[in-house]
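Student: Before I ask anything, here is the structure I am working with.
The values are calculated or read from the model by the stated rules, or taken from the named source; none is laboratory data. Keep in mind the model is a prediction, meaning the values are calculated, not measured. Cβ atoms come from the backbone with ideal geometry, glycine included; neighbour counts cover every protein chain shown. With ligands, DNA and RNA removed, areas are computed over all heavy atoms of the protein, side chains included. Shrake-Rupley method; radii C 1.70, N 1.55, O 1.52, S 1.80 Å.
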Amino acid sequence: MENKFLIFIVVVLGVLALIQLVKVYEMTSKVTGDKSQENITPGENLSQAVLFLVFMFALFGGTIYLMLEYGNGGLGEAATEHGVMIDDLLVFNWWIILPVFFIMNGMLFIFPFLYRRDPKRKPVYLVHNNKLEMIWTTVPAIVLAGVIIYGLRTWNFIMNPEDEGTVIELYAKQFDWTARYSGEDNKLGKANFKLVTGTNPLGVITTEGIAESFETIDTEIDRLDSVLLANSIEKYIDNQKTTEYLLPDGKVAEMSEKIERLKRQKYRIKSGLEIERNADADDAMAANDVVVKGEMHLIVDKTYTFYFRSQDVLHCAWFPHFRAQMNCVPGMTTSFTLKPTITTKDMRLDEFVIDHYKNINTIHNERKRRIGEEEEVVDFDYILMCNKICGASHSNMQMKVVVETEAEYKNWIESQKRFDGGAVSYTIGAAATEELAQEIEE
Amino acid sequence: MSDHGHAAHHHKESFFTKYVFSQDHKMIAKQYLLTAIVMGIVGIALSALFRLQLGWPDEKFGIMETLLGSGWAPDGVLDSNMYLGLVTLHGTIMVFMVLTGGLSGTFSNLLIPLQIGARDMASGLLNMISYWLFFLSSSIMLASLFIESGPAMAGWTIYPPLSVLEETQPGSGLGMTLWLLSISIFIASALLGGINYIVTIINLRTKGMRMTRLPLSIWTFFVTAILGLLSFPVLLSSAVLLIMDRHMGTSFFLSDITTSNGALDQTGGSPVLFEHLFWFLGHPEVYIILLPALGISSEVIATNSRKPIFGYRAMIGSILAIGFLSFIVWGHHMFLTGMNPFLGGVFVFTTLLIAIPSAVKVFNYLTTLWKGNLVFTPAMLFSIGMVSTFISGGVTGIILADAALDISQHDTYFVVGHFHIVMGMSAILAMFAGVYHWFPKMYGRMMNKKLGFIHFWITITCGYGVFIPMHFLGEGGMPRRYYTNSEFPMFDHMIDLNVVISIFATVGVLSQLFFFWNFLYSALRGPKASQNPWRANTLEWTSPVEHMHGNWPGDLPVVHRWPYDYNKPGQAEDFVMQNVPLEPGEEEH
């Protein structure tokens, strides 16, 4: 209590003192006819000019320090074929941008020092100069033409791959990734969002899948119906049957609406999916697919095309080490083709990566100790993360990616299950021969 | 607007018609500025809060719980949904309320009539309605921070389906409804303002004020208003479509979605359509923010270099070119949406074209400074700072415009660093420059220059200290809009960098107190300003210090020359105002 009173007194006194100061200031400025705020004194002008120089050194020094310390970004060399091209293009761009950054900012900060006000010097009355202006319109235009041409060549190479390679589907939903390998036939089974159920999370179209979704829908309708029934009372008013519910109106409406929607969904599956489909072919296409969660394995030096789908909102598949990224858009399929060139193991043997991860382990475990969690060893891994705002756990929507030799891959994929529940068998080199056969065919 | 109108204004005004429902452009400008300052305080305070989270994700901050309540920050730990809410509202408030409404609203309103020699805006009534809609829209946006389910949380770009489906995010309920309502009202305000600016500039220029004698500030306000008029309706229509998707079961932007509510009925729409509509506004919006900033800097730099602006016609050409090009580049925000790669290539081309007029502008600024007689008023410092950020942020745009590079930079902190420097900092610095420069015109008093110096140096240091390091986070692959990076040990080597950024951000935010104090104190108690404190040429400095309806007593000034006759050979003074007749035999320029 006493403390609060003291603080109160101090505040009041402070305000009073401030008011007095203001009054004194005002009186003096009236007396002097204060123009001091309009005129910058030579001393002030000089100090600001010098500060521009100081600031320039600080800005340049800071930027160069950051370039040396963090310039490589910590991702290491690009681990895909096209990634190397992107990095080369990036370096090319930096060589244009950095000189512009330093020279232009340099001029901007040196001019204030050189040309600070000097009453003895009369500035030149320079209105325009066609020759100069032509030069600095055409020079940027030429440089940019180079940037555009180089950039578009790279872009077209990446976006129009000659060969699709092995097909994998990446399915995004709040907040995890599922990968579906296309199996021996390199064809993904068709899928439809209406078939998504707990046991068929990707909505793959198979005879079983359709039956299962009917079952799920029917069970849900029954459940809702029975809830409604259990909470309803039938009444006869004027010989007319009416139903009253013990539940709030909103709840009843919501449940009835859901029943209607489920019925519509069932009808749509029947009228749409079932009629169009070639059951045997579709089932066969889906049967050898392999669905995996948690981590995804890829074979080194092999071309992959990822097809991206999303269940709910926009997501974005971002493989920082592969320099690959593509949005996952509900209602449409997007794709990205890439060819990993370095195995996870080789990457872990890279000198830069070893040093870098030594550093990361130190920092990582410092933090773990600080927050009282168990220490752990962190090793390099490729990663897939979400890069489009998607909700509460956006910052933890990730999947580990392993790049390995074909033999290692065989071991791993054969420990997984086919979509039809069977065992996966992978023949080394099979895909390669198939590709070759295709090429000969063409 | 004739002298008849002027005479009619002489009746005594009540408090309400003078200060609240005023139709005088100078009062409306001040209303815009004050509202923008309040919104600015909120906007940067939100960023300070989420910077605390990003800098020290393991710490507890009592202030979070105090400000956000125990629901959103239990025990001082920020909730991850609320983090997205803070990010969303920070972006929305800064982009729309502060840098669009605030910047254009303040300076277009203040300067257009005064610099072209008009008694007031073409329609004072529309002008007043425009401000009050802006006020209403700002109030609704603020109110959305206080509702139980939280404000909009889908990012300032509110991409569907996240912004449509409440089950995917709590902020997509009432919070998003308020966001859409607020922005729709905001657009109405911007359109009314914009029409008014355009009509006033075209019709109400005083005698002798040819388009080629307009100060560059007016040219930028003019092109800005046209951009707004052409692009804001598109955002309004997309907001309406979004509202229909949210509440009426349409499917403009939705297709093939399964949520916790099961498979949705909506099929056939596309979220990419929304992105196209959004960025059709969103990219011109960048220049709606940037052009007035460039215009303000042009005035301040010419005046305080005591030299004509270099390449006046080239500057106008650049403004027009930038304005035109800004409409055909929106796709560069969407390279990775599955867009046809050829279309992507077209957008690469158009986007990089913008670099040419931008480069011309920068060269012209540098040549204006070259061999000038530079006077470092606070406004001049901020304007030079603005040119610096325009350069530093502009060059990294070359990387992001390159679709192939966008693959490895898109939505990383590189983007955040880039646009905050080139658009955020540039516009904010120019806005400060404008306030310091035209404060005497607004309040008839001077701001304190020493506080202005301190304010500038801390602001630019902290601004660069925050956003340059972000480029390096981005090079490390760090995605934006992550609540925490702790789930990814691969980012651990950049923990320090995030701490540094947060420290700069906090200091930068706190240093704005120098400005607020200076602003409030000077508005009430600052020394009285003389009529033309900066010895400038433009017409606003021929009007009396004390505000009056109709701006000039007696006849309107007549213009005889362009606005940049500084240190013209053969003249005694180092400046010749626009209303001074040419001497016999004198050439215009």
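Student: Write down the Å³ per residue value for the convex hull defined by the alpha carbon atoms of the range B:443-555.
Tutor: That works out to 167 Å³ per residue.
Student: How much of the accessible area of the range A:189-286, probe 1.4 Å, is carbon plus sulfur, in whole percent?
Tutor: Summing carbon and sulfur atoms, their accessible area is 51 percent of the total for the range A:189-286.
Student: Once phi is turned into θ = phi - 60°, what whole-Hz ³J(HN,Hα) does the Karplus curve with 6.51, -1.76 and 1.60 give for every residue of the range B:372-384, x standing for Gly and Pro?
Tutor: x, 10, 6, 10, 8, 6, x, 4, 5, 4, 5, 5, 5
Student: Moving on. Can you list the lysines whose alpha carbon sits under 16 Å from that of A:LYS122, skipping same-chain ones fewer than 8 residues off?
Tutor: Answer for A:LYS122, where 16 Å is the Cα cut-off: B:LYS307, B:LYS371, B:LYS568, listed by chain and number.
Student: Can you tell me how much longer the chain between A:ARG261 and A:SER415 gets when fully stretched, taken as 0.36 nm per residue apart minus their C-alpha distance, in nm with one decimal?
Tutor: Going from the current span to full extension adds 51.5 nm.
Student: A further question follows. Rank these residues by their accessible area, most exposed first, probe 1.4 Å: B:PHE61, A:PHE52.
Tutor: Per-residue accessible area, sorted high to low, gives B:PHE61, A:PHE52.
Student: Please report the relative contact order for the range A:189-286, taking Cα pairs under 8 Å with a sequence separation of at least 6, and give it as a percent rounded to a whole number.
Tutor: Computed over the range A:189-286, the figure is 33 percent.
Student: Just grab the label-to-label distance for A:MET67 and B:PHE342, each label 7 Å out from Cα along the Cβ direction, in nm (one decimal).
Tutor: 4.0
Student: Under 20 Å from a label point 7 Å along Cα→Cβ of B:ASN203: give me every residue in the range B:545-589 with its amide N that close.
Tutor: Inside the label zone: B:550-552, B:556-557.
Student: Show me the ranking of peptides A:419-426, A:378-385 by mean Cβ neighbours inside 10 Å, starting with the highest.
Tutor: Highest-to-lowest ranking by the protection proxy: A:378-385, A:419-426.
Student: How would you order B:339-348, B:322-331 from highest to lowest mean count of nearby Cβ atoms within 10 Å?
Tutor: The densest-packed peptide leads the list: B:322-331, B:339-348.
Student: Could you check the simple spin-label distance between A:VAL54 and A:SER393, using points 7 Å along Cα→Cβ, in nm with one decimal?
Tutor: Between A:VAL54 and A:SER393, the label points sit 5.1 nm apart.
Student: Compute the semi-axes of the equivalent ellipsoid of the range B:482-533, taking the square root of 5 times each eigenvalue of the Cα gyration tensor, and list them largest first in whole Å.
Tutor: 44, 10, 8
Student: Something else about it: Write down the Å³ per residue value for the convex hull defined by the alpha carbon atoms of the range B:324-399.
Tutor: Here the figure is 98 Å³ per residue.
Student: Tell me, what is a quarter of the convex hull surface for the C-alpha atoms of the range B:42-136, in nm² with one decimal?
Tutor: 7.6
Student: Dividing the Cα radius of gyration by the Kirkwood radius, what Rg/Rh value follows for the range B:215-371?
Tutor: 1.14
Student: Continuing with the same structure: With the calculation restricted to Cα positions, what are the radius of gyration and Dmax of the range A:111-247 in angstrom?
Tutor: When restricted to Cα atoms, the range A:111-247 yields Rg and Dmax of 35.6, 108 Å.
Student: Now, a different point. For all pairs of alpha-carbon atoms in chain A, what percent lies in each bin of width 10 Å, listed from the first bin to the last filled one?
Tutor: 3, 12, 17, 16, 13, 13, 11, 8, 5, 1, 0
Student: Still on this model: Which three lengths, in whole Å and largest first, does the range A:133-174 cover when its Cα atoms are put on their principal axes?
Tutor: Per principal axis, max minus min of the Cα coordinates gives 53, 31, 7 Å.
Student: Cut-off under 24 Å on the C-alpha distance; same-chain residues fewer than 8 positions from B:LYS60 excluded. Which lysines are left, in chain and number order?
Tutor: Result set, ordered by chain and number: A:LYS368.
Student: With a 1.4 Å probe, what is the total accessible area buried between chains B and A, in Å² rounded to the nearest 100?
Tutor: Using a 1.4 Å probe on protein heavy atoms, the buried area is about 11600 Å².
Student: Could you compute Rg(Cα) / (2.2 N^0.38 Å) for the range A:40-159, with N its residue count?
Tutor: Compactness ratio reported: 1.52.
Student: I would also like to ask the following. From the P(r) of the protein assembly as shown, could you give the percentage of C-alpha pairs in the tail past 48 Å?
Tutor: Considering the protein assembly as shown, 33 percent of its Cα-Cα pairs are separated by more than 48 Å.
Student: Rank by packing, highest mean first: peptides B:493-499, B:399-405, with packing defined as the count of other Cβ atoms within 10 Å averaged across residues.
Tutor: B:399-405, B:493-499
Student: Wrap a convex hull around the Cα atoms of the range A:337-429, take a quarter of its surface area, and give that in square nanometres.
Tutor: Dividing the Cα hull surface by four gives the mean projection, 9.7 nm².
Student: Relative to a virtual label point 7 Å from the Cα of A:ASP355 in the Cα→beta-carbon direction, which members of the range B:457-493 show backbone nitrogen distances below 17 Å?
Tutor: Only B:493 pass the distance filter.
Student: When 1/r is averaged over all different Cα pairs and the result inverted, which Kirkwood radius in Å belongs to the range B:69-191?
Tutor: 15.6
Student: Shifting gears a bit: Can you compute the radius of gyration and Dmax for the range B:139-238, using only the Cα atoms, both in Å?
Tutor: Final numbers for Rg and Dmax: 18.6, 62 Å.
Student: Add -39500 (n - 2.57) for each DSSP H run of 4 or more in chain B, then divide by its residues: what number comes out at 222 nm, to the nearest 500 deg cm²/dmol?
Tutor: After summing the helix terms and dividing by the residues of chain B, the value is -20000 deg cm²/dmol.
Student: Arrange the residues B:LEU264, A:LEU349 by how much accessible surface each exposes, largest first, with a 1.4 angstrom probe.
Tutor: Of B:LEU264, A:LEU349, the descending order of accessible area is A:LEU349, B:LEU264.
Student: So what is the relative contact order for chain A, in percent, with contacts set as C-alpha pairs under 8 Å and at least six apart?
Tutor: 17 percent.
Student: Quick one: in the range A:189-286, what % of C-alpha pairs are over 18 Å apart?
Tutor: Of the Cα pairs, 56 percent sit more than 18 Å apart.
Student: Let me ask another. Computed over the Cα atoms, what is the radius of gyration of chain B divided by 2.2 N^0.38 Å, N being its residue count?
Tutor: Against the compact-globule rule of thumb, the ratio is 0.97.
Student: Could I ask something else about it? What are the radius of gyration and Dmax of the range B:205-303, computed over its Cα atoms and given in Å?
Tutor: 20.7, 68
Student: At 1.4 Å probe size, with every protein chain present, just tell me what the per residue accessible area of the range A:40-159 comes to in Å².
Tutor: About 51 Å² of surface per residue is accessible.
Student: For the pair A:VAL15/A:THR243, report the inter-label distance in nm, with labels modelled 7 Å from Cα in the Cβ direction.
Tutor: The two pseudo-label positions are separated by 6.6 nm.
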